[in-house]
Amino acid sequence: MKTKYIYILLSGLMFGLAGCSKVPENPPDISNGLSIPRIFVRGHVSNESGEPLGGICVAIYGVRKEQEPDIETYNYAFTDVEGDYEIVRDRGREKPVEMTVVATDSTGYYKQKVQFVAIEYDAEGHGSVTADFVLTH
């Protein structure tokens, strides 16, 4: 009697797995054409001699709520060895026209720089900002 239940259970499991393994040729589009509007902030940080500066913290303000946590690559990023950085974040419901971008050397060797930059938008509502910095002593 036990064996009968085990066979029934196993055959049910096999039919269930067979149904899950099929991938439709044309899966349905569940996005409904929606995409989350984002803001892309990119730039380059160098010193007065034009040498790229790695490890510089670049943070954005003016598009984030006060209670929003600081999240790397969302509200701030560190420059790579080539001095480049990129921050990608949700734009939110509002469409801000400008933001503040701040470059800070955590060692204190270079002075902090602040830029107020305009946000340019594409047809899909994604924002784009380029903020390059030249840091000085």
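Readers should treat all values here as calculations from the given coordinates under stated rules, not as data from a laboratory. Since we're looking at a predicted model, the values are computed, not measured. FYI the Cβ positions are ideal-geometry reconstructions off the backbone, even for glycines, and counts take in every protein chain you see.
A few points about this structure:
- Packing-based ranking, highest mean first, of 102-111, 65-74 given that Cβ atoms within 10 Å are counted: 102-111, 65-74
- Residue-by-residue Karplus 3J(HN,Hα) for segment 128-137, coefficients 6.51, -1.76, 1.60, Hz, glycine and proline x: 9, 9, 10, 9, 9, 10, 10, 8, 10, 6
- The 3J(HN,Hα) values that the Karplus relation (6.51, -1.76, 1.60; θ = phi - 60°) gives for segment 72-88 are, in residue order, 4, 6, 10, 10, 7, 8, 9, 5, 7, 5, 8, x, 9, 8, 8, 10, 10 Hz. Gly and Pro appear as x.
- Phi to ³J(HN,Hα) by Karplus 6.51 cos²θ - 1.76 cosθ + 1.60 over segment 54-60, Hz, x for Gly, Pro: x, x, 7, 8, 10, 10, 10
- Sparse-neighbour loop sites [GluC sites (Glu not before Pro); segment 88-125; at most 15 other C-beta within 10 Å; DSSP]: GLU94, GLU124
- For ALA131, distant residues with modelled amide H under 5 Å away: ARG42, GLY43, HIS44
- Estimated FRET transfer efficiency when R0 is 25 angstrom, pair THR100-ALA123 (beta carbons, to 0.05): 0.45
- Separation of the GLU51 and TYR109 label points, Cα + 7 Å toward Cβ, nm: 0.7 nm
- Mean Cβ neighbour count within 10 Å, used as a protection proxy, ranking 49-58, 76-85 highest first: 76-85, 49-58
- Long-range HN-HN contacts of ILE119 with modeled amide H, under 5 Å: GLU98, MET99
- Gyration tensor (alpha-carbon) shape descriptor, segment 38-135, a/c threshold 1.5: prolate
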